[in-house]
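J.: First, the structure itself, so that you have it in front of you.
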């Protein structure tokens, strides 16, 4: 998913160079996904950044062979802010043909995380999905507060995701959140938008999108979000969600001051 506006970062962070050879975050994802057995790379983009994305890929890979591009802003009704992650996935319905892994194009997940997602999907039925969780402490920036989807897990299966805001490590070393307020252990499992699904998800996405749009079509910022879709399907008994836990350190940039620490961490990946 590479159609975000990057408002807090102040630019197109999908293409910012973070690797030692000019790699963007999405290049690490492409390499690791292919190593885990993914046969197709679909980039969900905005039409205004398509040329820049393609130029970057041509520099890195020599051609655009093996890549498909979907313009989220041209799928369905138009508005300035993208409609959200679930709408982004739905926009690929005519391109994706089998089981698939979903990731943000501006995050680093690590090779073993992709393998966990692929293994969870291997042999899974249409009613089984995967959410690769990360340990909270391995997803926190060096400074500043963040939001994370805190996962409740029982017997390696997802029970709930609670969107939690204002998470930061305090001066006393304890991780605390503002909304909902509380303390969180370092090994709290959190979602970083890394999912695996069967192709049957598209039918559910289409149905819920129609309901969402009927209710929120006049609201300029309300988003149709993938975790909400997953949680509803799980609550209705239509989807079970495996939760393998990655030991990787997630790396991303939310604000400009996150960029140099990210480059230092990715220097030898």
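The values are calculated or read from the model by the stated rules, or taken from the named source; none is laboratory data. All values derive from a computational prediction rather than experimental measurement. As a convention, Cβ positions derive from the backbone with ideal geometry for all residues, glycine included, and neighbour counts pool all protein chains shown.
J.: Return only the number of the condition from (1) part of a helix (DSSP H, G or I); (2) more than 28 Å from residue 233 (Cβ to Cβ); (3) in contact with a helix residue (DSSP H, G or I) (Cβ under 8 Å, 6 or more places away or on another chain) that residue 64 does not satisfy.
T.: Only one criterion is unmet by residue 64, namely (1).
J.: Starting from the stretch 79-100, take each residue that is on the phi < 0 side of the Ramachandran plot and touching a residue at least 24 places away in the same chain (Cβ under 8 Å) and list its partners that are surrounded by fewer than 13 Cβ atoms within 10 Å (Cβ to Cβ) and not in a loop (DSSP other than H, G, I, E, B), counting only C-beta distances under 8 angstrom and pairs at least six apart or across chains.
T.: As it stands, the answer is 90/206; 93/206, since those pairs meet every condition given.
J.: May I ask you to verify whether residue 203 is outside any strand (DSSP E or B) and over 19 Å from the mean Cα position of the chain (by Cα)?
T.: Yes.
J.: Can you give me the ranges of the strands (runs of 3 or more DSSP E) entirely in the stretch 123-186 with at least 1 residues that are modelled with pLDDT under 95?
T.: Counting at least 1 such residues, we get 146-154, 157-169.
J.: When the stretch 2-14 is examined, which residues are found to be surrounded by 22 or more Cβ atoms within 10 Å (Cβ to Cβ) and either under 21 Å from residue 261 (Cα atoms) or at pLDDT 95 or above (or both)?
T.: 13, 14
J.: Can you tell me which residues in the stretch 213-254 are within 21 Å of residue 81 (Cα to Cα), free of Cβ contacts under 8 Å to residues at least 24 places away in the same chain and not in a loop (DSSP other than H, G, I, E, B)?
T.: 214, 215, 216
J.: Oh, and also: Identify all residues within the stretch 108-120 that are outside any loop (DSSP other than H, G, I, E, B) and either free of Cβ contacts under 8 Å to residues at least 12 places away in the same chain or out of contact with any helix residue (DSSP H, G or I) (no Cβ under 6 Å at 6 or more places or on another chain) (or both); write none if there are none.
T.: Once the filter is applied, which keeps residues that are outside any loop (DSSP other than H, G, I, E, B) and either free of Cβ contacts under 8 Å to residues at least 12 places away in the same chain or out of contact with any helix residue (DSSP H, G or I) (no Cβ under 6 Å at 6 or more places or on another chain) (or both), the stretch 108-120 yields 112, 113, 115, 116, 117, 118, 119, 120.
J.: For the stretch 176-200, give me the residue count where each residue is surrounded by 13 or more Cβ atoms within 10 Å (Cβ to Cβ) and without any contact (Cβ under 8 Å) to a residue 40 or more places away in the chain.
T.: So the answer is 3.
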